[in-house]
Amino acid sequence: MLDIVRTFFSQKKPPENTKLGRNDLCWCGSGKKYKRCHLEQDARKRSGQLADAAAHGRR
């Protein structure tokens with residue numbers, strides 16, 4: 001159980017400047033393709049950030 005927690009917290013952050021292709025290996029080091037690992041989570045995060053930026057820009 002402790003190994004799972006260590007693995008979770010030792011994951012790298014996604015690269016800010018690099019655009020990953022769907023078929024590239026995932027940034028987290030899982031060995032999976034990006035589209036099967038973190039693509040959906042990263043897309044949700046980006047869309048939330050865009051919505052926040054748009055809301056702050058309208059004020």
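The values are calculated or read from the model by the stated rules, or taken from the named source; none is laboratory data. What you see is a predicted model; the values in this text were computed from it and never measured. All Cβ positions, even for glycine, are placed from backbone atoms using ideal geometry, and neighbour counts span all protein chains on display.
In segment 30-45, the residues that are of a type in the set (A, V, I, L, M) reach residues that are surrounded by fewer than 12 Cβ atoms within 10 Å (Cβ to Cβ) with C-beta atoms within less than 8 angstrom, at least six apart or across chains, in these pairs: LEU39/ARG22. Being surrounded by 12 or more Cβ atoms within 10 Å (Cβ to Cβ) and modelled with pLDDT under 90 is a description that does not apply to GLY48.
Residues in segment 23-59 that are part of a helix (DSSP H, G or I) and of a type in the set (Lys, Arg): LYS35, ARG36, ARG44, LYS45, ARG46, ARG58.
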